[in-house]
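Derivation of every value follows stated rules applied to the coordinates shown; laboratory data play no part. Small disclaimer: the values here were computed from a predicted structure and weren't measured.
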Amino acid sequence: DEARYVGIASGLETGIEILQSGDIIFLCTDGLVGSDEKPEQSVLNGFNEILTSPLSVDLKVEKIIASALERGETDNISCVLAQV
């Protein structure tokens, strides 16, 4: 059916989406991308590449967290990923 969401990536956003099989729900703390800055496009592109890859959900999460650690992020790096 429908899923309501609230996001704060670029200001408070709300909406309703219809989820379909294969959709990904991705939640993360700001420490994943740097809490004081807007994420660089290359970082977001890297996340997109990982999230759309054929890897298992567990491996996707591991790779995303590893990428943050490799960039030197230190603030509360956490994420949750679910696939419908």
Subject >> Vicinal HN-Hα couplings computed from phi for the stretch 71-84 (Karplus, 6.51 cos²θ - 1.76 cosθ + 1.60; Hz; Gly/Pro x) >> reply: 7, x, 5, 10, 8, 6, 8, 9, 8, 10, 10, 10, 10, 6
Original post:
So between residue 76 and residue 23, what do we pick up on full extension, going 0.36 nm a residue minus the alpha carbon distance?
Top reply: 16.5 nm
**OP:** Provide the three semi-axes, in whole Å and in decreasing order, of the ellipsoid equivalent to the stretch 10-84 as defined by the square roots of 5 times the Cα gyration tensor eigenvalues.
**Re:** 21, 17, 11
